[in-house]
Amino acid sequence: METLEKFYKVTAHQEYEKNPKLTVKDVQELLTWSNENINLHGKMIEYAKKVICQCYTLRAKKCLPYFSARDPAHPFNQRQLDVVNINIIPDEDTRYSYIWSQLKIVDSSQYYPTVATKLTFMAIELDQIECGTKPGYIMVLDSNRFGLSHALRYSLSNARNLMTYVQEGTSFIIDKIFVLNVTSGTERVFSTMKPFMSSSLINKVVIKSVSKTNEFIKTLPQKVVPKDYGGLAPDMGETNELLKKKLLENRDYFLEEEKFRNGHVKDEVDTTIDSNDKDDISSFKNLSID
């Protein structure tokens with residue numbers, strides 16, 4: 001039976017050592033269940049079963065735009081990494097990782113939210129391949145330069161499906177979401193997504209105004225703060241280039257994973273932007289901005 005095991009750099013034994021509550025018996029039960037219940041092009045208690053089922057179902061259907069055409073060498077994917085900085089910085093003390101994101105190019109016509117989100121998921125997946133499981137990820141989204149013209153490129157249907165996946169189907173835990181330098185564009189995006197967010201996810205969101213951002217960054221462990229923000233971690237341009245290199249080095253994994261999951265590798269990148277949905281959107285003013 002073909003698997004993706006050859007790509008993973010962390011062994012099962014290492015995972016058992018990191019997660020003492022995890023037992024071989026539990027894993028065997030999940031493997032047996034997945035072979036019998038998940039229809040994959042290749043084969044692969046209860047809460048884990050639900051998440052696994054949702055993960056593959058959503059990736060194959062509603063959230064397919066985020067999980068298809070994942071070839072790191074595709075020119076469109078490469079170009080989007082020139083538009084958006086995506087950085088994952090590990091905190092060795094807590095084992096959490098910080099995901100920093102910011103716009104590099106202000107021109108909104110070059111920004112494709114679905115592709116940028118897809119690349120973020122790919123970065124997290126690569127981090128899991130190289131480092132194994134983690135207790136959680138902390139997202140730091142700098143919305144400086146993110147204007148209303150960027151926000152208007154979000155498809156409401158894709159935003160709704162993204163929130164479903166984030167809350168029901170991810171193979172990782174989002175511990176916190178810090179939104180820095182809030183703008184009118186940020187307000188628009190969150191007012192779009194909030195109706196589809198559970199209270200537990202909303203409670204994980206911490207929003208900082210432009211005047212409060214620098215003060216807040218000083219409260220973070222400085223070793224996970226990029227030099228761009230006065231911290232000790234490498235600057236975002238440097239780590240973004242490193243991510244581009246690592247994605248290309250692991251191209252075979254992303255091609256084989258997509259084929260393993262969908263039966264083929266899609267070549268056309270989904271560039272869906274605002275679909276002019278007319279659904280009512282609740283006001284952003286209900287979110288607390290510090």
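The values are calculated or read from the model by the stated rules, or taken from the named source; none is laboratory data. Just so we're clear, the structure is a prediction, and the values are computed from it rather than from any experiment. Glycine also receives a Cβ, built like all others from the backbone with ideal geometry; neighbour counts cover every protein chain displayed. These area figures cover heavy atoms from the full protein model, side chains too; ligands, DNA and RNA do not enter into them. Shrake-Rupley method; radii C 1.70, N 1.55, O 1.52, S 1.80 Å.
Condition test on Phe178, is it open to solvent by less than 30 Å² (accessible area, probe 1.4 Å) and modelled with pLDDT of 95 or more?
yes
The conditions are (1) at pLDDT 85 or above; (2) assigned to a helix (DSSP H, G or I); (3) open to solvent by less than 30 Å² (accessible area, probe 1.4 Å), and Glu17 fails exactly one of them. Which is it?
For Glu17, the exception is condition (3).
Is it the case, given these coordinates, that Asn77 is of a type outside the set (A, V, I, L, M, F, W, C), open to solvent by less than 10 Å² (accessible area, probe 1.4 Å) and farther than 26 Å from Arg160 by Cβ?
In short, no.
Out of Met139, Met193, report the one residue that is at pLDDT 95 or above and either under 14 Å from the mean Cα position of the chain (by Cα) or of a type in the set (A, V, I, L, M, F, W, C) (or both).
Met139
If I filter segment 126-136 down to residues being modelled with pLDDT of 95 or more and crowded, with 19+ Cβ neighbours inside 10 Å, which single residue comes out as nearest to Pro72 (Cα to Cα)?
Leu126
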